[in-house]
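Accompanying notes for the structure given below.
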Amino acid sequence: MSLESISKFMSLVLRHHPEKIGISLDEHGWANVEEMIEGINQNSKHMVNKDIVELIVRTDSKQRYSFNDDKTLIRANQGHSVHVDVELEEKTPPDILWHGTGKRFVDSIDHNGLVPKSRLYVHLSPDVETAEKVGKRHGIPVVYKVYSGKMKEDGYVFYQSVNKVWLVKEVPAKYLEKVEKQDEPVSD
Ligand code: HQG
């Protein structure tokens, strides 16, 4: 079983469904590491131990997890649907951020703006390339430019998770602009 598939399962547990392995998160999203290891081994196809969990925390491509100081507790840095307070840092965003989504959501987004859906926050990317990757998870990707500086001026609160994802409660449609793909020039 690859580290990546274990990490995906840890995301599922630590962001959305701790009950799947019979554990709970505290109000700040922390799970007991030993309980999580036992829970994963008893309730999933994965087999983990402390060394594997430490390796995942250290090497995860998006730095999705953190330990507390003595490594007895673990939590996901962002992306939760479970209502926990991971002590996000409030931060002034750059003037522009980006959001990648699937083509099928565009009509609704143009009408309603970006909403968190099942998660606690709307996730925004620091650059177009990252947004494009996020969009591809949802089918044909569409990228929006987000006027985050203007939003901040207008009083919206932005947070940055410890793994550098920008988060905001909503993005009304007036702060969004679809990025038009530059088509290849047609030769005749
Ligand atoms: C869309 C991954 C219709 C929204 C990524 C998105 C990210 C609307 C989808 C992180 C809408 C929710 C989060 C509206 C928003 N109408 N659709 N009004 N407003 N949507 O997965 O941002 O690998 O919950 O555009 O890298 O795709 O898991 O959010 O397409 O950082 O660590 O509703 O997950 O990170 O989808 O992804 P998601 P997301 P990890």
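The values are calculated or read from the model by the stated rules, or taken from the named source; none is laboratory data. The structure displayed is predicted, hence computed values, not measured ones. Neighbour counts run over all protein chains shown; Cβ positions are idealised from the backbone, glycine included.
If you check Lys133 against the conditions, is it under 27 Å from Val13 (Cβ atoms) and over 12 Å from the mean Cα position of the chain (by Cα)?
Details: under 27 Å from Val13 (Cβ atoms): yes; over 12 Å from the mean Cα position of the chain (by Cα): yes.
Judged against the criteria, Lys133 is a match.
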Just give me the residues in segment 28-60 being over 15 Å from Ser161 (Cα atoms) and of a type in the set (Gly, Ala, Ser), in sequence order. Ala31, Gly39, Ser44
Do the conditions hold for Gly29, that is, is it crowded, with 18+ Cβ neighbours inside 10 Å, small (Gly, Ala, Ser) and at pLDDT 95 or above? yes
Specify the residue that is nearest to Lys174 (Cα to Cα); the eligible residues are those in segment 66-115 that are part of a strand (DSSP E or B) and near the ligand (Cβ under 10 Å from one of its atoms). Leu114
Take the residues of segment 1-26 that are of a type in the set (A, V, I, L, M) and not in a helix (DSSP H, G or I): which is surrounded by the most Cβ atoms within 10 Å (Cβ to Cβ)? Leu25
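Applying the selection to segment 161-182, what residues are over 30 Å from Gly29 (Cα atoms), of a type in the set (Lys, Arg) and not in a strand (DSSP E or B)? Break it down into steps so the answer makes sense when it comes.
Within segment 161-182, the first condition is being over 30 Å from Gly29 (Cα atoms), and the residues that meet it are 173-182.
Those still in the list that are of a type in the set (Lys, Arg) too: 174, 178, 181.
Those that are over 30 Å from Gly29 (Cα atoms), of a type in the set (Lys, Arg) and not in a strand (DSSP E or B): Lys174, Lys181.
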Restricting segment 119-135 to residues that are within 6 Å of the ligand (Cβ to nearest atom) and under 13 Å from Glu170 (Cα atoms), the one surrounded by the fewest Cβ atoms within 10 Å (Cβ to Cβ) turns out to be Arg119
If you check every pair at least six apart or on different chains, which have Cβ atoms under 7 Å apart with a residue in segment 168-188 that is closer than 13 Å to Val146 by Cβ first and a residue that is exposed (fewer than 10 other Cβ atoms within 10 Å of the Cβ) and modelled with pLDDT of 95 or more second? Ala173/His111
